[in-house]
Structure formats: C-alpha cells, structure tokens
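In what follows, a structure is listed as structure tokens, so that the remarks can point back to it.
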Amino acid sequence: MIIKYFSDDTISEKHRRDVDFINETCLSNDSVDPDIDMYDWEAPEDGKFLLFDNDRVVGRVAVHKTMSEYNGESYCLGGFGGLAVLPEYRSNGYGRKLAELALSKAGDLGVDVACMCVNMESGITEFYKRLGFVFLNRPAYFVNWADKEKTDDTVMIMGINNPALAEKILNTEDIFAYGKNKGHW
C-alpha cells in the first residue's frame, strides 16, 4: 500500500474512475442535512491524497483551502473532505493516515484553521475528535454553487497554523463563514 499526493490536473483518467467508484461506494449517501444537497458540498480542491493497492486507488481524501475572515481578521481556512476507504481496506489505519497527511499538507499550504462538516449519524465524530477537531456548536455559513447562502450546524474546527484563532472562533459568538468562495467541505 502506498499513498501519493496529486494536484487535480495530474490524476490519470483510470485513477479518476477509481476515485469516482470510491465516491459512489463510500460517499453517495453521506448527507448531513436533507436541506443541504451534494451540490452544496462541492468545494474547490487543492489536491488529494490517493491510497493505492498496486495500481488501484482504494482510498482518497481531498485537501481544501480558501481565504476567510473572522471578526475582521483575514485567515486561511482549510482542511480535508471526502475521506473514504473502500470497505475491504478499512480497519487498517488507512483512514487515519490519509487524514493526518491531509492535515499536514493543509498546514504546508498555509491553512490557519481547519474545519469540516460531519455526518452526525455515521459514528465518525469520535475519530475526528481524536484528530483534534472540536464542534463549533453554532451554524457555519457558506455560499452554495447556486449563489445561495446556507448554514450547516455540523461543523468541527481545529487550529493548524493559528491555534489561538481556532480557540477564539470556538469561544466567541461571531459569525463563522467559509468565506466568499462557493462550497464547503
């Protein structure tokens, strides 16, 4: 098993098909809120880590980043999304390794605060807590691909390059938004 990082434009067509299969198998029913559809979830990717078994992609995670602002302070918001490992490869620590690599890459890309929305019914929240994520406990705002402002109340955050800002976000009540770019993860 090997994990490699790819920018979106360097993934082969065969590996794109493998990623599509993983998405269909593992993420197709990964809806947190029925009022938020998959069209809302998509966000520009800065790249992704792929887990390989020989030449077959069996796991994936995307790395995201965008500029945002909190209480007048500009910062880089990012993290990872679409963490998925095919069922027959689970329970081997691959998901954790993919998540750790994605968080490290986000830090290298200058991400100050990581965030993610989670499927509350999936049982994955404890995994994210062990990585260091904490629930925001209030709605997070984002703009969907139809230019509509929406909220999501299942967001977790953690500090990467600016833990003090993450603590400020968690302990104050100002509006938390994904920024002006469309999508969220």
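Numbers below:
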read-out	value
Theoretical FRET efficiency, 1/(1+(r/R0)^6), r = Cβ-Cβ of D174 and E24, R0 30 Å, to 0.05	0.20
Translational diffusion coefficient (Stokes-Einstein; Kirkwood radius from C-alpha pairs) of the chain at 4 °C, 1.567 mPa s, in µm²/s	78 µm²/s
Euclidean distance between Cα centres, the range 125-185 to the range 59-96, Å	12 Å
Within the range 129-185, trypsin sites (Lys or Arg not before Pro) in DSSP loop having at most 16 other beta-carbon neighbours inside 10 Å	K148
Additional length obtainable on full extension of the chain from S7 to N119, 0.36 nm per residue less Cα span	37.7 nm
Within a Gaussian network of the chain (alpha carbon springs, distance under 10 Å), most fluctuating of E88, E173, E149	E88
Segment D53-A164, extension gain: residue separation times 0.36 nm, minus the distance between their alpha carbons	36.0 nm
Computed label-point distance, nm, for sites D147 and N181 using a 7 Å Cα→Cβ extension	2.0 nm
Dipole magnitude of the chain about its Cα centre (Cβ charges: Lys, Arg +1; Asp, Glu -1), debye to nearest 20	600 debye
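Coordinate-derived values only; no laboratory data. Everything numeric here is computed off the predicted structure, so don't read it as measured data. A quick note on method: Cβ atoms are made from the backbone with ideal geometry, for glycine too, and the neighbour counts reach across all protein chains shown.
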